[in-house]
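Some notes on the structure that comes next.
The values are calculated or read from the model by the stated rules, or taken from the named source; none is laboratory data. In this text the structure is predicted, and so the values were computed from the model without any measurement. Glycine also receives a Cβ, built like all others from the backbone with ideal geometry; neighbour counts cover every protein chain displayed. Side chains are part of the model used for accessible areas, which takes the heavy atoms of the whole protein and leaves out ligands, DNA and RNA. Shrake-Rupley method; radii C 1.70, N 1.55, O 1.52, S 1.80 Å.
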Amino acid sequence: MPTDESYFEYILEQLSELKDIRARRMFGEYILYYKDRIFGGIYDNRFLVKSVKAAEDHLKDITLEMPYEGAKPMYLVDNTDDKDHLKGLVEAMYEQLPPPRTKKK
């Protein structure tokens, strides 16, 4: 079931305190980037982030979920109403995220 456009727009609005946020649509879902590093995505109307230590430390209740079959588990972010909390979460995760891959020529 693809993510509803209204849920996608809601999550982007909640992340609007951060500069350099972008999203890329992929198969009806969305990959989320902060300063060109992938930190999470929106899958089936669920906001999921990569399972890095900073995210684990920042989230109160840890729930691992599969974004899609065959993917690595990610942390579910169920408290999406607090913009400051989301901003802190993504900023804390940034240094632990892998840099973007360089494309081979």
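Within the stretch 28-45, the set of residues being acidic (Asp, Glu), part of a loop (DSSP other than H, G, I, E, B) and farther than 22 Å from ALA92 by Cβ comprises ASP44 only. Which one is surrounded by the most Cβ atoms within 10 Å (Cβ to Cβ), of the residues in the stretch 1-27 that are within 15 Å of GLY88 (Cα to Cα) and more than 14 Å from the chain's Cα centre (by Cα)? Ranking the candidates gives GLU17 first. Being surrounded by 16 or more Cβ atoms within 10 Å (Cβ to Cβ), assigned to a helix (DSSP H, G or I) and in contact with an Asp or Glu (Cβ under 9 Å, 6 or more places away or on another chain) is a description that does not apply to LEU48. Checked against the criterion of being open to solvent by less than 60 Å² (accessible area, probe 1.4 Å), under 20 Å from THR3 (Cβ atoms), in contact (Cβ under 8 Å) with a residue 12 or more places away in the chain and of a type outside the set (Val, Ile, Thr), the stretch 61-69 has at least one qualifying residue. Every listed requirement among (1) part of a loop (DSSP other than H, G, I, E, B); (2) more than 22 Å from GLU9 (Cβ to Cβ); (3) open to solvent by 50 Å² or more (accessible area, probe 1.4 Å) is met by LEU97 save one, (3). Being among the hydrophobic types (A, V, I, L, M, F, W, C), crowded, with 16+ Cβ neighbours inside 10 Å and either in contact with a strand residue (DSSP E or B) (Cβ under 7 Å, 6 or more places away or on another chain) or at pLDDT below 95 (or both) is a property that holds for ALA55. Among residues of the stretch 86-105 that are more than 28 Å from LYS60 (Cα to Cα), those with a beta-carbon under 6 Å from a residue that is assigned to a loop (DSSP other than H, G, I, E, B) and open to solvent by 70 Å² or more (accessible area, probe 1.4 Å) at least six positions away or on a different chain give the pairs PRO100/ASP36. Here ASP81 passes the criteria (1) surrounded by fewer than 18 Cβ atoms within 10 Å (Cβ to Cβ); (2) under 13 Å from the mean Cα position of the chain (by Cα); (3) touching a residue at least 60 places away in the same chain (Cβ under 8 Å) except the one numbered (2). With respect to the conditions (1) surrounded by 18 or more Cβ atoms within 10 Å (Cβ to Cβ); (2) in contact (Cβ under 8 Å) with a residue 24 or more places away in the chain, LEU32 falls short on a single one, namely (2).
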